[in-house]
Amino acid sequence: MLVLSTAAFGASFAVWIIFSIIGIQIQEELGLSESQFGLLISLPILTGSISRLFLGIASERFGGRLISTLGMLISAASVWLLTWAHSYPQFLAAALGIGIAGGTFVSGIAFISRWYPKERHGAAFGMFGVGNVGAAVTNFGAPFLLVAFGWQTTAEIYAIALAIVAVGYFLLTRDDPETLRRRKEGVKGTTIAEQLRPLRRVRVWRFSLYYFLMFGGFVALASWLPRYYMGVYQLDIGTAGMLTAIFSFSAAVFRAVGGWLSDRFGARTVLYWSFWACMGCLLVLSYPPTTYIIDGIDGHFEFHLATSLPLFAVLTFVLGFFMSLGMAAVFKHIPSYFPRSVGSVSGLVSMFGGLGGFFLPIIFGVLNDLTNLWTTAFMALFGVVTTCLIWMHLVILSMARQFDDNPDYFDEPAEDGAASQRTLNT
């Protein structure tokens, strides 16, 4: 089930960010500004983000298998309809339907969580998260299709492929044991009110901010980097796509490693690693190309400081690697703290992560237009990671003072619904 679910999510993710490649040609055809382009590539992320909360709730009631299949079919139809668009508003409308593909992540998480015990959730979720490699597939393969056939045919190929995957997934998998039990016994699923109850916890919203950075930043950069490479380093779309695939690959494949590390060392420790490493990479990437003029003893001399293409590619690879560890660490917490509300809590956390993927490219575009500096995208991410690290560390210090007998309380599971009140504000 895990392999099939991962493959289905990978196909969905590949479709979800299709605008990162075909959007560049559409931008040229329609003469879009950077802000308009940012909105175009972000709108599917918005739909996928918002839908995650509702798909998570639906998955708890009807099972993740059915919800994932329906999500893929709706997205496939939307990609096909994209080829009929001729104006910017029409492209935006089609993008809304395409975004449902991103929502299938949470239905997949709900499905997988019922096949594995809690002590194996970190590794299982990490393996499922490898489906993010779909971004690398699009960034690497779509440019070749685009050059050979144009964006319309590329969209048609993607639509057909996703529809085939959806049908195959439904035929080759079976409903999870909990869904089968409920269906056999005629038991209704958890009510919406019960599923939403954990959302009153500050802990859930803190995890959401972490995922806003880790997953939202990943999605935003996977969509934005092709344009960045072309604008800063004057690369063609094929080369830009391949270099972006390096980032996408590291941020996807190593998520399984992040799950294993979270099981072994604790999610809190892995999050610390991730935040500090991301902060270091983003600090270097934020520095704009600068020419220094210095008054020397014998007159003026100048030198230029900028991030070279090889260094930039290496830094984005490292950034993607630690983002993948962070993504896995965040989701390691959810089934431990909220075992009866995995779908709804995963949906909310995933929704905020997806919203990061929506808002960040728009922010990148606006900052580019306002400052005329490409590196402002990384400056924005640096601000977010700094906020996450400070908040997490302050919470840990507070918990250590409050619970001197158990300073590692952060990594202990707490039952939802009947959880101890002492965890309410952590």
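Computed from the coordinates by the stated procedures, all read-outs in this text should not be read as laboratory data. Predicted model, so just to flag it, every value in this text is computed and none were measured. Every residue, glycine among them, receives a Cβ derived from its backbone with ideal geometry; neighbour counts consider all protein chains shown.
Remarks
- Packing-based ranking of 255-267, 43-55 yields 43-55, 255-267, ordered from highest to lowest mean Cβ neighbour count within 10 Å.
- Packing rank of 277-286, 291-300, 135-144, where each peptide gets the mean count of other beta carbons within 10 Å, highest leading: 135-144, 277-286, 291-300
- Between residue 284 and residue 84, the contour length at 0.36 nm per residue exceeds the Cα-Cα span by 67.7 nm.
- GNM flexibility winner over the chain from 169, 116, 210 (Cα, springs under 10 Å): 116
- Cβ crowding within 10 Å, taken as a proxy for footprinting-reagent exposure, orders 351, 399, 323 from fewest neighbours to most as 399, 351, 323.
- As a proxy for reagent exposure, 366, 345 were ordered by neighbouring Cβ count within 10 angstrom, fewest first; the result is 366, 345.
- Annotation: peptides 372-382, 72-82, 221-231, ranked by per-residue average of other Cβ atoms within 10 Å with the highest first, follow the order 221-231, 72-82, 372-382.
- Most mobile of 22, 396, 237 in a GNM of the chain (Cα contacts under 10 Å): 396
- Only the Cβ atoms of Lys and Arg (+1) and of Asp and Glu (-1) were treated as charged; on that basis the dipole of the chain about its Cα centre amounts to roughly 1700 debye.
- Computing FRET efficiency as 1/(1 + (r/R0)^6) for residue 149 and residue 397, where r is the C-beta to C-beta distance and R0 is 41 Å, gives about 0.15.
- Only one item in (1) 27.5, 90; (2) 21.8, 90; (3) 23.0, 76 matches Rg and Dmax of the Cα atoms in Å derived from the coordinates shown, and that item is (2).
- With R₀ set to 51 Å, the beta-carbon distance separating residue 161 from residue 304 gives a calculated FRET efficiency near 0.65.
- At R0 = 51 Å, FRET efficiency that the Cβ-Cβ distance of residue 77 and residue 293 yields, to 0.05: 0.30
- Our summary gives the chain a relative contact order of 26 percent, counting only alpha carbon pairs under 8 angstrom and 6 or more residues apart.
- Going from the fewest other Cβ atoms within 10 Å to the most, the residues 184, 332 appear in the order 184, 332.
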